[in-house]
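The values are calculated or read from the model by the stated rules, or taken from the named source; none is laboratory data. Keep in mind that what you see is a predicted model, and the values were worked out from it rather than measured. Cβ atoms come from the backbone with ideal geometry, glycine included; neighbour counts cover every protein chain shown.
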């Protein structure tokens, strides 16, 4: 996502209205639910959906493909791939390569020092700042004028140097002060910071991120044909662009529903799952952010839940709802549709209504 309006993709009222019938329905999923959903999607009600996957408690309830997609199609879910980079950070910590998320990020880039626009606050940037999109540098993909906008990063060869040479951001006096929600952090969507977090993983493990992911994350859960996008330098794009089949995206989300386990194999540490699905920074009035996981709120009857979400431009979504054992994958090609995210919100609400949430 690289537009300012992209951040308004969760509307609380939508979920309240969309789920008012949940308590009145019997929990379950019927053939009629599947048929109705297929008709709505095929008719373009929710945009150009290419695949839709719904599972509950490990059972696949719905798997359908649209607009030329099929089970073997590799979907570029754009920034949803950022969450995978976060998984690699968690594994590098578990493997002893990194102490914790509070390490100083600058310590891993001594050869780039002194940084341009150097400032003591740069030396205090933590890995956690990168994973929560809340660092002090002027990096904002939602602002086309930002020096740190991802489109500017792609134009240069050394992405790590690009990040470290950014100036400290300023908040103009004419802007209304942002509400940090009590977190003590301010959100700024920064792909360059996520790329840097992945670079740290590569530096400490001595392997490329695709190599480390293949061995440590993908192989244990049956993902055997991941496709990465690479820069001309050979560096993998770790802030988005990972291409996986729909079932593979579901496997990744399933880890976060099953406390890091795939079948009987522990893959991601449960402590990392818990840390990732914790609120650290406020995105807007309805959405918080974990460790590279979006945490929009929705309401079922009188209870409120966070829909842990991998999110990419075009309305691409991967949801992990551990409270209900639910995984949802929505792949789409609505990259130039301003309504891409609202349409995905409505599809999500429709799915939850039909599930009944047992």
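General remarks:
- For residue 224, the stated conditions do not hold, so it cannot be described as modelled with pLDDT under 95, under 23 Å from the mean Cα position of the chain (by Cα) and either on the phi > 0 side of the Ramachandran plot or in a loop (DSSP other than H, G, I, E, B) (or both).
- In this structure, residue 251 does not qualify as surrounded by fewer than 24 Cβ atoms within 10 Å (Cβ to Cβ), more than 23 Å from residue 187 (Cβ to Cβ) and modelled with pLDDT under 95.
- Residue selected from the range 287-306 under the condition modelled with pLDDT under 95 and not in a strand (DSSP E or B), by the criterion surrounded by the fewest Cβ atoms within 10 Å (Cβ to Cβ): 302
- In the range 322-358, the residues that are part of a strand (DSSP E or B) and within 19 Å of residue 84 (Cβ to Cβ): 327, 328, 329, 330, 331, 332
Residue by residue, here is whether (1) at pLDDT 95 or above; (2) surrounded by 14 or more Cβ atoms within 10 Å (Cβ to Cβ); (3) under 21 Å from residue 246 (Cβ atoms) holds:
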position: 18; (1), (2), (3): no, yes, no
position: 32; (1), (2), (3): yes, no, no
position: 37; (1), (2), (3): yes, yes, yes
position: 42; (1), (2), (3): yes, no, yes
position: 64; (1), (2), (3): yes, yes, yes
position: 80; (1), (2), (3): yes, yes, yes
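- Checking each residue in the range 227-256 for being free of Cβ contacts under 8 Å to residues at least 24 places away in the same chain and in contact with a helix residue (DSSP H, G or I) (Cβ under 6 Å, 6 or more places away or on another chain) picks out only 228.
Okay, residues lined up against (1) surrounded by fewer than 20 Cβ atoms within 10 Å (Cβ to Cβ); (2) over 29 Å from residue 284 (Cβ atoms):
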site: 180; (1), (2): yes, no
site: 187; (1), (2): no, no
site: 192; (1), (2): no, no
site: 196; (1), (2): no, no
site: 207; (1), (2): yes, yes
site: 218; (1), (2): no, yes
site: 225; (1), (2): yes, yes
site: 231; (1), (2): yes, yes
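- Considering (1) under 27 Å from residue 275 (Cα atoms); (2) within 24 Å of the chain's Cα centre (by Cα); (3) surrounded by fewer than 18 Cβ atoms within 10 Å (Cβ to Cβ), the lone condition that residue 152 does not fulfil carries the number (1).
- Given (1) touching a strand residue (DSSP E or B) at 6+ places or on another chain (Cβ under 9 Å); (2) under 24 Å from residue 104 (Cβ atoms); (3) touching a residue at least 40 places away in the same chain (Cβ under 8 Å); (4) surrounded by fewer than 22 Cβ atoms within 10 Å (Cβ to Cβ), index of the condition residue 203 fails: (1)
- Test: residue in the range 130-147 that is crowded, with 24+ Cβ neighbours inside 10 Å, within 20 Å of the chain's Cα centre (by Cα) and not in a loop (DSSP other than H, G, I, E, B): yes
- Selection count where residues are in a loop (DSSP other than H, G, I, E, B) and in contact (Cβ under 8 Å) with a residue 12 or more places away in the chain, scope the range 68-99: 9
- The residues of the range 188-217 that are in contact with a helix residue (DSSP H, G or I) (Cβ under 9 Å, 6 or more places away or on another chain) and more than 15 Å from residue 92 (Cβ to Cβ), listed by number, are 189, 190, 191, 192, 193, 195.
- Top-ranked residue of the range 257-270 - restricted to ones that are surrounded by fewer than 16 Cβ atoms within 10 Å (Cβ to Cβ) and without any contact (Cβ under 8 Å) to a residue 12 or more places away in the chain, ranked as farthest from the chain's Cα centre (by Cα): 264
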